[in-house]
Each structure stands twice: as C-alpha cells, then as structure tokens.
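Contents: one structure, followed by commentary.
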Amino acid sequence: MISVPETLPDDPILLKQLLLTANVQMSEKDGQIERLREQNALLIQRLFGRKSEQTADPDSPQLEIFNEAESLADAMPEAPADEAEEEVVAPTKRRGKRRPLPAELPRVEVIHELPEHELTCACGCRKQVIGEETSEQLDIIPMQIRVIKHIRKTYTCKGCETAPVTADKPAQLIEKSLASPSVLAMLLSTKYVDGTPLYRFEKVLHRHGIDIPRQTLARWVIQCGEHLQPLLNLMRDTLLDYPVLHCDETRVQVLKEPGRGPSSQSWMWVQTGGPPDRPVVLFDYTTSRAQEIPLRLLAGYRGYLMTDDYAGYNAVAAQSGVERLACLAHARRKFIEAQKVQPKGKTGRADVALSLINKLYGIERDFKEASAEQRHQGRQQHSLPILAQLKAWLEKTQPQVTAQNALGKAVNYLASNWSRLERYVEGGHLPIDNNRAENAIRPFVIGRKNWVFSETPKGATASAQIYSLVETAKANGQEPYAYLRHILERLPQANSVEGYEALLPWNCSPAPAS
C-alpha cells in the first residue's frame, strides 16, 4: 500500500525521493495485479479449456471420459424423424472405411441357408447354390472361470516293501496357492494395464461366485513382483548399456510408510531407453526426491541423459561420461502459457518463439523415419540455422522482459537451459524432448486416478516392478496378458541367467491368449 504523509516536505530532493518511492510501489502493485491476472487466466484455461498439446501434462483432468458415449453418439448424423420410410437420406459426413477384424482371431462359421419350402422354384425345379456372401461380426465370450484339479498318482511296488512314490506336480510361482498362472496374469493385467483397483476385481470374482478378499489379491501381487525381480535386473542392464536415457518422476501417496504421515508424498521414478529393438521402461518407488535417488538408479551409466530441469539430476549429470540434455517440449509449453495470456487478437513475443520452435519440430517430423545418420545431417543442415535465429531472438528479448510474468518465465527458462536444449543436434540418435519418458509414465498416472494411493511400501514397490514389466512388454509389441501368462508359467523353472534371459519381452513369443 502506498504511504503518503499528511504534510509534503518543501525540500525538492525529499519530494523527488517520495515521488520515486510512490512510483516504485505503484509499479510493484501493477506487476502483482498483472501476475494475478495471468495466473487466473491460466487456471481457467487448465480447468475448462482444450489442451494445446496432448502430452503437456499427464496429470491433467480428463473430464470428457464421463460423457464419452453420449458425445460420440451425438456426433453421428441421424435421419430426420419426419422423412418417409422409403426415402434414404445420405449422411452429412461419410464414415471411415471399417478395418477388417484381425486374421489371427479364431473363426466360427455360421451357415445360413434358405428354408426347405423356399428351395423349390415356381417352375417346379429345385434351386441350386451358385455362390455365397460373407460378412463378419465380432463375438466376445465373457470371462470363464474353471478349477484345475491336480491329481498326483501314487505308485508302489507290490513285490517289495519300498516306500510309495507320488508323481511330482510342476513347480508353481506361488506354492500352495489357489492362483494359477492364468489367474495371476489376469489379476496383473487388469490392475496394471486396465487400471482396475483390486476391490473392483474382487467384485468381478464375486459375481462369478468366487470370494477372494482383496488382501489375498494384494499378497499375490506383491509375491509376483518379488519373483519378477531377476527379469527387471536384466532389463536394467540393457537400459544402462545404451547411450541415451530418459528420466521423469511423479508423486505417489503411500498410506502406511514407517515414520511418515498418511498424507506424505512419495515418488515414482521412470527411466526409459534401450536399443531401438529392445526398448526398456523401468519404474522405481522411493520416499524421497533427493539427488541420491537418481545417483543410485543410474549408477554406472555413461551417455546422454534427457530430463526436465529438476536439480535432482545435477549430481548425475556432473559425473564423468554423462552428458545432459534438456526437454524442448517443456520450453514450448511455457511459451504456450505466455501466448494464452496475451491480449486477444494480438501477436506477441511468445508467437515468435513458438514459430521457431515449431519449425524445429517440423524438421523432426520430416526425418522421423530416417536413419540416425540422415537425421543428423538434416539437423545440421536445417535445424542449426533455426536454433541460431532462436538464440539471437532470446538474447535480444531477455533484457526486455520481467521475470515475474508468463513471458518472462518462458524466456528465462529457455535461457537457463539453452546449452542443454541445443545439444540434440550433436547426433541423429539424440531426442529433442523428454516426451518418451512422459508417455512412459502416463499409464501409471492414469492408474493412480483409479486407485488413488498405495496401502504399503511393499505394495508401491510391487506396482513399480509390475508396471516395469508390463510397459516394457507393450513397448516390445507383446500383448500383456499373453506375455504375463507365458512367463508366470515358466519362471518357477528358470534357475540360470540364460533361463531368465529367455523370458525377456524381446526374446520370447507367447502363444496368443485363448
């Protein structure tokens, strides 16, 4: 608040000082009003507006999901109610060509023939088949539940008194458990692929007359995660051996952490990378976001590290042999926010930056299917000049903006990360942004919206383990349920490195789920 004395001094110097102070206070107040206006505009945009970039924020609310059926049905054209029955009205928008059903799905043929009384022609002759028309319709059989009854025969020799011998039963992942590999695969894929909480799966089983409490289901999940750890260790070796690695992290709430309150925030980290033909996605649960965590997770890694500008990765980047990259998508989003709070109908500085950044992304699209060498040459020829223009614009603009408003924050973010943002042109195998990690962490974020929190640290660790396997399987083209069933049947027999390597997603070909 501006303070004005009741009596103004006669001294011109004091009057000038008072005027300067008042101007500074008014300027600060104007700046606060402008910042509040921008924050209010951005808040309204995030809550009610359409996102400009689909990958910008994996934590954004997806309110459209509740009106999905109605909104999609309303989009389909309908014939006017008062049209005559025999008149056909062409739709206003043609529907796309229907995709054929997958050829590998089993087919059940249903033959339709004329009834016997229609087979005799009016002339008295019998009609003969001269051809056929075929069409296909998708059919789904609801979940079938059955009991596998293991009968172990016992043998003895009647010629002597040797002890009886009972046939062995194949080793099970969870011994003395009701859960077969197919049940465990369904449980894990339902929770970690479809995002269904355990209490809902408990209800599904109950509808089929099976009462298995969610505590038992949770114990099965944790035990599965523990058995999967040897596979995850091999996957981490593959991840760290490749010279490009993406990292990101998101919050997770765990209710029963020792020494911490139920509302305390923990973290789920994701690291993704690996060779193009062996992509890896790994999740790790921790109670901290400190720099010791990425140091532990990335111990021994040498290569390019792509992250956002979180300072927790600084210690890793400071190690010899580690080169840090920054995410251009993060910089672009900040300019998009600055663009949203510009006066309507006016072109501002944010538009200039976005135009140049979008040109860089256009080059990436042009060379998306190219080899790494071709992409590197394309970047050197086309991207470097645009980066030079963007840097020149940045150096000119930064002294002219205030750090407190949206444009100033975008400009300063670009400036502080510039040396790491421009490094992607050093090689054709390097990424321009960290969208790969953000896309990898999205299934966890979507699942978290359903189950909200983890009960215990063991549960959160199991979630990290199973998300790692499921997402890596998906990245390698595996159908999650079929892959999980395949490895859960074979894990009990694996007793060597070679045995575990044979179960990695890029080394096995599970039979399709029947």
Problem - Test set (1) at pLDDT 90 or above; (2) open to solvent by less than 100 Å² (accessible area, probe 1.4 Å); (3) assigned to a loop (DSSP other than H, G, I, E, B) - Glu109 fails condition number - result: (2)
Practice task
Go through (1) surrounded by fewer than 21 Cβ atoms within 10 Å (Cβ to Cβ); (2) within 16 Å of Glu471 (Cβ to Cβ); (3) touching a His at 6+ places or on another chain (Cβ under 6 Å) one by one and return the number of the condition Thr272 breaks.
Solution key: (1)
Fill in the blank from the handout: Flagged in segment 479-514 as more than 18 Å from Pro230 (Cβ to Cβ), out of contact with any His (no Cβ under 9 Å at 6 or more places or on another chain) and either open to solvent by less than 50 Å² (accessible area, probe 1.4 Å) or among the hydrophobic types (A, V, I, L, M, F, W, C) (or both), in numbering order, are Pro480, Tyr481, Ala482, Ala513
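Here is a yes/no grid of residues against (1) touching a Ser or Thr at 6+ places or on another chain (Cβ under 8 Å); (2) among the small types (Gly, Ala, Ser):
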{"site": "Gln271", "(1), (2)": "no, no"}
{"site": "Arg324", "(1), (2)": "yes, no"}
{"site": "Ala329", "(1), (2)": "yes, yes"}
{"site": "Phe335", "(1), (2)": "no, no"}
{"site": "Val341", "(1), (2)": "no, no"}
{"site": "Lys344", "(1), (2)": "no, no"}
Exercise for the section: Could you tell me whether segment 325-338 includes any residue that is part of a loop (DSSP other than H, G, I, E, B), in contact (Cβ under 8 Å) with a residue 60 or more places away in the chain and aromatic (Phe, Trp, Tyr)? Expected result: no
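Quick grid of which residues meet (1) β-branched (Val, Ile, Thr); (2) without any contact (Cβ under 8 Å) to a residue 24 or more places away in the chain:
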position	(1), (2)
Arg214	no, yes
Arg219	no, yes
Thr238	yes, no
Pro243	no, no
Arg278	no, no
Phe283	no, no
Arg296	no, yes
Tyr301	no, no
Problem - Elements of type helices (runs of 4 or more DSSP H) in segment 176-258, at least 2 residues being closer than 19 Å to Leu503 by Cβ and within 25 Å of the chain's Cα centre (by Cα) - result: 181-192, 214-241
Exercise for the section: Quick one: which residue in Val165, Val183 is among the aliphatic types (A, V, I, L, M) and closer than 30 Å to Ser468 by Cα? Expected result: Val183
Handout entry: Filter result (surrounded by 15 or more Cβ atoms within 10 Å (Cβ to Cβ), closer than 27 Å to Ala410 by Cβ and either hydrophobic (A, V, I, L, M, F, W, C) or modelled with pLDDT of 95 or more (or both)) within segment 300-312
Key = Tyr304, Leu305, Met306
Handout entry: Count of residues meeting criterion [part of a helix (DSSP H, G or I) and among the aromatic types (Phe, Trp, Tyr)] in segment 268-317
Key = 1
Fill in the blank from the handout: Flagged pairs (Cβ under 6 angstrom, 6 or more apart or on separate chains; first in segment 121-142, within 27 Å of Pro106 (Cα to Cα); second of a type in the set (A, V, I, L, M)) are Glu136/Leu101
Completion exercise
Over segment 429-442, the set of residues out of contact with any His (no Cβ under 9 Å at 6 or more places or on another chain) and surrounded by 20 or more Cβ atoms within 10 Å (Cβ to Cβ) is Ile432, Ile441
Handout entry: Matching residues, segment 142-167, being at pLDDT 90 or above, open to solvent by 100 Å² or more (accessible area, probe 1.4 Å) and either in contact with a strand residue (DSSP E or B) (Cβ under 8 Å, 6 or more places away or on another chain) or more than 28 Å from Tyr481 (Cβ to Cβ) (or both)
Key = Arg152, Lys153, Tyr155
Practice task
Could you check how many residues of segment 331-348 are open to solvent by 70 Å² or more (accessible area, probe 1.4 Å) and under 23 Å from Asn439 (Cβ atoms)?
Solution key: 1
Practice task
Would you mind telling me which numbered condition in (1) part of a strand (DSSP E or B); (2) without any contact (Cβ under 8 Å) to a residue 12 or more places away in the chain Lys346 fails?
Solution key: (1)
Exercise for the section: Of the conditions (1) within 28 Å of Asn314 (Cβ to Cβ); (2) aliphatic (A, V, I, L, M); (3) touching a residue at least 24 places away in the same chain (Cβ under 8 Å), Ile386 clears all except one; give me its number. Expected result: (1)
Exercise for the section: Among the residues of segment 465-477, write down those that are of a type outside the set (Lys, Arg) and surrounded by fewer than 20 Cβ atoms within 10 Å (Cβ to Cβ). Expected result: Ala475, Asn476, Gly477
Handout entry: helices (runs of 4 or more DSSP H) enclosed by segment 357-422 - at least 3 residues per element that are open to solvent by 60 Å² or more (accessible area, probe 1.4 Å)
Key = 372-378, 384-397
Handout entry: From the options Leu297, Leu328, residue that is open to solvent by less than 50 Å² (accessible area, probe 1.4 Å) and within 22 Å of Val411 (Cα to Cα)
Key = Leu328
Exercise for the section: Starting from segment 170-192, take each residue that is within 26 Å of Pro443 (Cβ to Cβ) and list its partners that are hydroxyl-bearing (Ser, Thr, Tyr), counting only C-beta distances under 6 angstrom and pairs at least six apart or across chains. Expected result: Ala185/Tyr481; Ser189/Tyr481; Thr190/Thr196; Tyr192/Tyr467
Fill in the blank from the handout: Glu455 vs (1) under 20 Å from Arg236 (Cβ atoms); (2) open to solvent by 20 Å² or more (accessible area, probe 1.4 Å): all pass except (1)
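The values are calculated or read from the model by the stated rules, or taken from the named source; none is laboratory data. Just so you know, these numbers come straight off a predicted model, no measurement behind them. Every residue, glycine among them, receives a Cβ derived from its backbone with ideal geometry; neighbour counts consider all protein chains shown. Accessible surface is based on the protein model in full, side chains and every heavy atom, while ligands, DNA and RNA are left aside. Shrake-Rupley method; radii C 1.70, N 1.55, O 1.52, S 1.80 Å.
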